[in-house]
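The values are calculated or read from the model by the stated rules, or taken from the named source; none is laboratory data. Predicted model only: the values in this text are computed from it and were never measured. Here the Cβ positions follow ideal geometry from the backbone for every residue, glycine too, while neighbour counts run over all protein chains shown.
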Amino acid sequence: MADEGTCPRCEEHTMMTPPEINALSRTTREPNDVPMWVCSDCGMDEGLEDAFFTGATPQTEWPVAARTFDYMIKQIFNARITNEVKNG
């Protein structure tokens, strides 16, 4: 299990403070669920899983070995950086 400063879904990224700055996991959207915050990349991955599959990877399968849409997330990040450099 990840410590408080590490994303519980990927155990890779450091979480930002306060926790609400991070992404609210789509696995905690029911009224009685305890909010679970994940890193931005995992939040994006869950959103894409929700859009293209039958929902986000359940917490029982955390930590994930790899993000389902990791390649796409990296491409988006690289495009943002390239755009910022061009328009910098």
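Tell me whether the stretch 25-36 contains one or more residues that are basic (Lys, Arg), in a helix (DSSP H, G or I) and either surrounded by 13 or more Cβ atoms within 10 Å (Cβ to Cβ) or at pLDDT 95 or above (or both). Spell out the reasoning first.
Taking the stretch 25-36 first, the residues basic (Lys, Arg) are 26, 29.
Right, trim to in a helix (DSSP H, G or I) and you get 26.
Okay, now just the ones that are also either surrounded by 13 or more Cβ atoms within 10 Å (Cβ to Cβ) or at pLDDT 95 or above (or both), so 26.
So far as the stretch 25-36 goes, yes, one or more of its residues are basic (Lys, Arg), in a helix (DSSP H, G or I) and either surrounded by 13 or more Cβ atoms within 10 Å (Cβ to Cβ) or at pLDDT 95 or above (or both).
Can you tell me which residue among Ala66, Ala51 is closer than 21 Å to Thr6 by Cα and either part of a helix (DSSP H, G or I) or modelled with pLDDT of 90 or more (or both)? Write out each step before concluding.
Details: Ala51 fails: closer than 21 Å to Thr6 by Cα.
None of the others qualify; the one that does is Ala66.
Take Pro8 and tell me if it is out of contact with any Lys or Arg (no Cβ under 8 Å at 6 or more places or on another chain) and either buried (at least 19 other Cβ atoms within 10 Å of the Cβ) or assigned to a helix (DSSP H, G or I) (or both).
Working: out of contact with any Lys or Arg (no Cβ under 8 Å at 6 or more places or on another chain): yes; either buried (at least 19 other Cβ atoms within 10 Å of the Cβ) or assigned to a helix (DSSP H, G or I) (or both): yes.
Criteria met by Pro8.
Would you check which residues across the stretch 50-79 are polar (S, T, N, Q), farther than 18 Å from Pro35 by Cα and surrounded by fewer than 12 Cβ atoms within 10 Å (Cβ to Cβ) and list them?
As a first pass, look at the stretch 50-79 and keep what is polar (S, T, N, Q): 54, 57, 59-60, 68, 75, 78.
Filter once more, so that each one left must be farther than 18 Å from Pro35 by Cα: 54, 68, 75, 78.
Residues satisfying the conditions are Thr54, Gln75, Asn78.
Could we say that Glu84 is outside any helix (DSSP H, G or I) and at pLDDT below 90 here?
Values: outside any helix (DSSP H, G or I): no; at pLDDT below 90: yes.
So Glu84 does not fit the description; no.
Within the stretch 23-56, how many residues are of a type in the set (Val, Ile, Thr), more than 11 Å from Arg9 (Cα to Cα) and in contact with a Leu (Cβ under 9 Å, 6 or more places away or on another chain)?
Residues of the stretch 23-56 of a type in the set (Val, Ile, Thr): 27-28, 34, 38, 54.
Right, trim to more than 11 Å from Arg9 (Cα to Cα) and you get 28, 34, 54.
From the residues that got through so far, the ones that are in contact with a Leu (Cβ under 9 Å, 6 or more places away or on another chain) too are none.
Going through the stretch 23-56 one residue at a time, the tally reaches 0.
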